[in-house]
1. In the set K16, K69, which member is closer than 22 Å to I145 by Cβ, in a helix (DSSP H, G or I) and either modelled with pLDDT of 85 or more or touching a helix residue (DSSP H, G or I) at 6+ places or on another chain (Cβ under 6 Å) (or both)?
2. Between a residue in segment 358-385 that is among the acidic types (D, E) and any residue that is buried (at least 20 other Cβ atoms within 10 Å of the Cβ), which pairs come within a Cβ distance under 7 Å, given they are 6 or more apart or on different chains?
3. Mind checking which residues of segment 370-384 are of a type in the set (A, V, I, L, M, F, W, C), buried (at least 21 other Cβ atoms within 10 Å of the Cβ) and either on the phi > 0 side of the Ramachandran plot or touching a helix residue (DSSP H, G or I) at 6+ places or on another chain (Cβ under 9 Å) (or both)?
4. Looking at (1) modelled with pLDDT of 85 or more; (2) more than 35 Å from the chain's Cα centre (by Cα), can you tell me which one L313 breaks?
5. Answer with yes or no whether D359 is more than 28 Å from T8 (Cα to Cα), at pLDDT below 90 and not in a loop (DSSP other than H, G, I, E, B).
6. Across segment 97-135, which residue is farthest from the chain's Cα centre (by Cα) among those that are hydroxyl-bearing (S, T, Y), surrounded by 16 or more Cβ atoms within 10 Å (Cβ to Cβ) and under 18 Å from T196 (Cβ atoms)?
7. With respect to M90, is the statement that it is assigned to a helix (DSSP H, G or I) and closer than 27 Å to N228 by Cβ true?
Amino acid sequence: MKIWLRLTKYLRPSTKWIVLSISLMILATFIDLVAPWLLREIFDKGIDKRNVNLILMLTLALAGIQVVKSVGSFVQGRSQELVGQNVVFMLRKELYTHLQKLSFSYYDKAQTGQIMSRMTGDIEAVKNFIGFGSMMMFGGLLTFIGTIIFMMAMQWQVTLISMAAIPLLVLSLLRFNKKVGPAWGQIREQMGRLTTTLQENISGIRVVKAFARENTEKNKFESRNDQNFETNMERAKLEAKAFPLMGFYGGVTFLLMIVVGALYMANDKMTLGTFMAFQWYTWGIIWPLNMLGWQINVMQQAIKAAPRVFEVLDTPADIDTNKDGGADTQGITGNVSFEAVSFHFADQDAEKEAGVLNDISLSINQGEVVAVLGATGSGKSSLIALMSRFYDVSGGRLLIDGIDVRDYELDGLRRKIGIVPQETFLFSASIRDNIAYGLPEATGEQIEWAARKAQIHEFIESMPFGYDTLIGERGVGLSGGQRQRVALARAILMDPPILVLDEATASVDTATESAIHEALLEVMKGRTTFIIAQRLSSVKRADRIIVLDKGRIVEQGTHKELYERGGFFRGLFEMQEVASVSS
């Protein structure tokens, strides 16, 4: 009931269409109830009395109301579809908007396939019931009750005897409803897992082929597919048992009406017209109950699908966006301060496990170039992620220009921090659109300037359509280094006061890296720049180098100071020197 009450808010914008659909359904039900009565009048007062005029008049009336019903059914069908599509539109819009608000911590655990399954199949299941299933159920109830009333008014004894099998049919429906619900719940979950397996395989197809794991992935998908098939067959088995039994009880009801009605006719307790009308009316009892089996199927799909959608909608956005009351970001210059900052993921036990970052205190002045070094897992990327509030600090404060980042308006804050991420992502669009992603209003000259600074302009010009060349999904048409340079151009174009280069030149050769760094010298002037790198060649021009180990700052200073001091930096430098000589 809570689910249906919650769904009603998505129905409110379509109130007039719902009222229209219900009104037309009531009209259609009334016509269905009047039609057998007219048939009785044709037999008893027309044919029996040899009244040709009455026969013609009632026949025309019967034809006329059927025409009215057909027109009404057309309008009703369109109205119901509009209601269902409005629900789908609003649910998908709200779900997609909420997904944009959720922080990185949600996506660290969520499976893309499960999200896609909920956005598509689960919402579609809700639409099927809201748009048609619920209306069909309501119409069936009206028809069932109305039919009994009309039949009782004509011949109550035959009506009651004919309905002897109805309680058995209702009992079968209740049993079916109890069993089919869990079956649809399993199907919805397994469909999400199947979608996840498919999505992961397609996204990682190059890794799959590189390691010749096609058969393994094929077997994994077949296993998921088999599970989905078996669960669907279990559900189909329930239907195969229930639906024929319902049909049998419906047939018994019709047979009882024929036998009992014929006996009553033989004893002059029932007219031929009433007997003919009862044949028609009997389907008004059997049809709603038999159709209820299908409607229960549709309803149970929606009951199991809706909570999966609401589960995402109910996930709190743990990063407060400060849309209305956040501090203005226009004047940000780039002074960054970490005050005893600590950070651990939500699923970490802060008391028992060491955090990702622990007691980080650091001040960076506007225009300073800071390199962050450390072994894998030392917390380098997490340090940077806190600035853009991909995550919030677990302890301490992170200030930009003396204001806690949590007090800034989120969108404005992120526009002031240009990031070239370690994992480069490009969209299925033109190179121009990818570079201008953060600044859609950028001119061609601005885009070209950013591309030149990222050492990618000449390559783009050599493409068949230049900056308008379309690249494949995730930038599949470009090499790793080319994708990284496009991402670098995208960050430069935003002209941010704070620039973050997270392994931004890891995928390019040393010559290109050197050229990029030369070009970046001008770009970094006046900007606070963070360089996260493994290659020491990337940090030579840094004003300060920060060395992290197990989430703590263990060294900081200039290149010369750290080299002379020894320690982690000296060891890393000598290791790379040896590797360079060996190669």
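1. Unique residue meeting the criteria: K69.
2. Qualifying pairs under 7 Å: E368/T528.
3. A371, V372, L373
4. Unmet for L313, out of (1) modelled with pLDDT of 85 or more; (2) more than 35 Å from the chain's Cα centre (by Cα): (2).
5. yes
6. Y106
7. Considered against the rule, which asks whether it is assigned to a helix (DSSP H, G or I) and closer than 27 Å to N228 by Cβ, M90 comes out as no.
One line per residue, one yes/no per condition, for (1) among the aromatic types (F, W, Y); (2) within 21 Å of M136 (Cβ to Cβ); (3) without any contact (Cβ under 8 Å) to a residue 40 or more places away in the chain:
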{"residue": "K16", "(1), (2), (3)": "no, yes, yes"}
{"residue": "S21", "(1), (2), (3)": "no, yes, no"}
{"residue": "G46", "(1), (2), (3)": "no, no, yes"}
{"residue": "V71", "(1), (2), (3)": "no, yes, yes"}
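The values are calculated or read from the model by the stated rules, or taken from the named source; none is laboratory data. Bear in mind that the values here come from a model prediction, so they are computed numbers and not experimental data. Every residue, glycine as well, gets a Cβ built from its backbone with ideal geometry; the counts of neighbours run over all protein chains shown.
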